[in-house]
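Asks: Take this structure first; my questions come after.
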Amino acid sequence: RSARVAPRKSVRGGAAVTKASMVEVAQIANQGAEIASIATTCFIITLIGLAFGFVLLRVEDSVVNGE
């Protein structure tokens, strides 16, 4: 059985089809701890921003109703 390469189809939306070597995949896989750390930091920053936004809404409500 011969190894046949399937013809590439054009992809809508500008998505690129690439072939990654095993070395590239291994390099990305080794950075899992760094990726998790950055994702956690982004999640915490988002939660802080939400909390701060709700505090500002309460302050605004008390200022408007206190007048």
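Read the figures in this text as sums done on the coordinates, not as results from a lab. Keep in mind that what you see is a predicted model, and the values were worked out from it rather than measured. Neighbour counts are summed over all protein chains in view; Cβ atoms, including those assigned to glycine, are modelled from backbone coordinates with ideal geometry.
Asks: Starting from a Cα-only point model with no solvent, please compute log10 I(q)/I(0) by Debye for the stretch 20-66 at q = 0.27, 0.30, 0.32 1/Å.
Replies: -0.89, -0.95, -0.99
Asks: So for the pair Phe54, Met22, with labels modelled 7 Å out along Cα→Cβ, what separation do we get in nm?
Replies: Going by the 7 Å Cα→Cβ label model, 5.0 nm.
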